[in-house]
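For reference, the structure discussed in these notes is given below.
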Amino acid sequence: MIKRTIIFAISMVIFLCACSTSGKSVRIIENSGDYECEFLGTVSGFDTFGSNVSDEPGNALNEARNEAAQLGANTIKIIYMRTTFQGTSVKAEALSCTFPEDDREN
């Protein structure tokens, strides 16, 4: 039982580390018509009761970016982002876009 618990804990740490870093390379755009983009799917994120209410939008957005990265996307276009008393939710399009070199954010 202890061995299974340790394996589960290690697996969760690896999973969480992978999720927290994979979305960093996913950029956010306002208009996919400005670039050559391929739609890969719809992604979402949600956060509630964060350490600080002001952290909720960023956490929800990062969750959506991580989900997009898992689909192979390098970009998301936000469909909506809402904050209520329950938390913040984000829905976005996951896209694979081609960007000009000089337009790349660092």
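The values are calculated or read from the model by the stated rules, or taken from the named source; none is laboratory data. Treat the numbers as computed from the prediction; the structure is a model and nothing was measured. A quick note on method: Cβ atoms are made from the backbone with ideal geometry, for glycine too, and the neighbour counts reach across all protein chains shown.
Within the set of pairs 6+ apart or on separate chains, which have a first residue in the range 33-48 that is on the phi > 0 side of the Ramachandran plot, a second that is assigned to a strand (DSSP E or B), and C-beta atoms under 8 Å apart?
Matching pairs, first to second residue: G41/E93; G41/A94.
In the range 50-67, is there at least one residue being assigned to a strand (DSSP E or B), touching a helix residue (DSSP H, G or I) at 6+ places or on another chain (Cβ under 6 Å) and surrounded by 15 or more Cβ atoms within 10 Å (Cβ to Cβ)?
No, there is no match, as no residue in the range 50-67 is assigned to a strand (DSSP E or B), touching a helix residue (DSSP H, G or I) at 6+ places or on another chain (Cβ under 6 Å) and surrounded by 15 or more Cβ atoms within 10 Å (Cβ to Cβ).
Criterion first (at pLDDT below 95, closer than 16 Å to V26 by Cβ and hydrophobic (A, V, I, L, M, F, W, C)) does F49 satisfy it?
Criteria not met by F49.
Is at least one residue of the range 71-84 modelled with pLDDT under 90, at negative phi and not in a strand (DSSP E or B)?
No: the range 71-84 contains no residue that is modelled with pLDDT under 90, at negative phi and not in a strand (DSSP E or B).
In the set S96, S32, which member is among the polar types (S, T, N, Q) and modelled with pLDDT under 90?
Numbers: S96 fails: modelled with pLDDT under 90.
Unique residue meeting the criteria: S32.
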